[in-house]
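Coordinate-derived values only; no laboratory data. Every value quoted in this text rests on a predicted model; they were computed, and no experiment measured them. Because the Cβ atoms are built from the backbone with ideal geometry, glycine has one as well, and the counts that use them run over all protein chains shown.
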Amino acid sequence: MSVVVGRGAEALRDSLRSRLPGRVLLWIVSRFYLAAVALRRALYASGLLRSCSLPARVVCFGNISAGGTGKTPTVIAAARELKGLGFRPAVLLRGYGRRGPSDRLTVLRDGAAYDAADCGDEAVIIHNALKDLSIPVVVSSDRCAAGRTAVEKLDCDMLLLDDGYQHFALKRDRDIVIVNAASPFHKDAPLPLGNLREGPSGLRRAHMIVISHCERASTAELEALHAEIRRVNPRAAVAESMHVPEHFIDARRRLPVPLTVVRDRPVSVISAIGDPESFERSLRELGARLQGVWRYPDHHRFTAGEMRALAAASDGVPVVTTYKDFSRFPPEWETMLGGDLYILSSKISFLCDGYRLLMDQLVPPGTAA
């Protein structure tokens with residue numbers, strides 16, 4: 001199996017971490033980074049920087065680490081549950097990586113088609129997952145303006161803030177943090193030496209912590225992670241969840257196909273996500289033989305040249321990717337890739353009483369829509 005890694009900040013960091021002087025430099029920069037994070041948080045806590053309040057319940061989903069934790073699927077699951085209970089939810093997010101001013105406000109609704117380049121790939125994924133329920137997705141770096149639009153113009157009464165744990169400009173009623181069992185925070189380091197956006201003490205602000213990707217950790221590893229969470233924040237509710245593959249989407253035919261479609265078959269894999277190892281491991285567990293693996297930095301927008309290079313290297317074998325990555329394929333991908341393209345669709349499954357704990361955070365007991 002060959003692994004092709006695209007250039008980016010992660011490649012530079014890996015190069016620096018491979019030598020002692022580089023590790024020392026990254027450690028020094030990480031100290032300045034943590035100091036800046038702490039100063040910003042203190043400015044909001046003191047009132048020197050203002051936070052706005054909205055006339056709706058605001059629940060934030062976030063993490064203390066960069067990279068894939070399963071946050072977006074959890075937000076989608078929460079929005080669906082709230083809609084089913086009779087609430088009128090909206091999802092607010094920044095729209096990372098989109099072109100144009102970051103504070104430009106865009107509303108995705110009514111089942112229309114949207115371009116990830118204009119809205120951000122997470123916004124398009126969430127919209128596609130929720131459009132059958134007419135749940136709006138509001139995109140802007142100004143989450144206060146996005147929330148006001150959702151409440152005043154879209155008549156929403158529940159606001160789900162996606163990736164907003166470090167966004168203090170909007171007050172919220174609950175903070176839910178997702179941590180990846182396969183990449184535990186207590187074994188990581190702050191950016192840029194590691195992947196932590198803030199130190200583990202940041203978990204103290206959380207009302208609930210969801211441990212995701214439990215299928216990727218042993219019983220001993222999960223027990224150690226639970227112990228570390230209890231040490232940092234003994235008051236938070238803690239739930240466990242798994243990512244469970246549902247089916248593939250045949251991108252050419254726009255139809256679902258069974259997971260067995262890749263069993264005992266060579267495939268090429270392309271991704272630009274925070275946790276490519278988990279994605280690739282899922283494919284191996286489904287019986288796929290990974291002939292070639294193409295990894296790019298998170299949120300990378302694929303070019304026509306990269307598609308042609310992938311097609312040439314794949315030599316007609318199926319290509320497998322994720323929903324998030326497919327939203328960043330060039331429009332002409334069908335003419336560039338010669339073989340089949342399969343998109344893996346997974347769902348979040350909560351373990352034990354995790355679902356009840358999540359619903360208690362979303363809707364306090366005794367609250368009705």
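For Arg204 and Thr303, FRET efficiency with R0 = 45 Å and r from the beta-carbon atoms, rounded to 0.05?
Working: r = 43 Å, r/R0 = 0.95.
Efficiency for this residue pair is about 0.60.
Excluding residues on the same chain fewer than 8 positions from Lys71, give the lysines whose Cα lies under 17 Å from its Cα.
Lys324, Lys347
For segment 295-369, just the Cα atoms, rotate onto the principal axes and tell me the three extents in Å, largest first.
Principal axes ranked by extent give 58, 22, 21 Å for the Cα atoms.
In terms of modelled amide H atoms, which long-range or inter-chain residues lie less than 5 Å from the amide H of Trp294?
Val4, Val269, Ile270, Ser271
Considering all alpha-carbon pairs of the chain, what whole percent are spaced by more than 38 angstrom?
The share of Cα pairs beyond 38 Å in the chain comes to 17 percent.
Nearest 20 debye, what's the magnitude of the dipole of the chain about its Cα centre given +1 on Lys and Arg Cβ and -1 on Asp and Glu Cβ?
Here the chain has a charge dipole of around 980 debye.
Please identify every one of the trypsin sites (Lys or Arg not before Pro) in segment 241-314 that sits in a loop by DSSP and has no more than 13 other beta carbons within 10 Å of its own beta carbon.
Here the trypsin sites (Lys or Arg not before Pro) that fit, given the DSSP loop and packing criteria, are Arg252, Arg253, Arg254, Arg263.
Testing the spin-label approximation: label points 7 Å from Cα along Cα→Cβ at Cys52 and Leu222. State their distance in nm.
Inter-label distance under the simple model: 4.2 nm.
With only alpha-carbon pairs counted, each pair once and no self-pairs, how large is the Kirkwood hydrodynamic radius of segment 32-78 in angstroms?
13.5
Given a Förster distance of 56 angstrom, what is the FRET efficiency for Arg252 paired with Ala45, based on the Cβ-Cβ distance and rounded to 0.05? Kindly include the intermediate steps, with their values, before the conclusion.
On the way: r = 52 Å, r/R0 = 0.94.
My answer for the efficiency is 0.60.
What is the Cα coordinate range of segment 245-347 on the first, second and third principal axes, sorted by size from largest, in whole angstrom?
Taking max minus min along each principal axis of the Cα atoms, segment 245-347 gives 30, 26, 24 Å.
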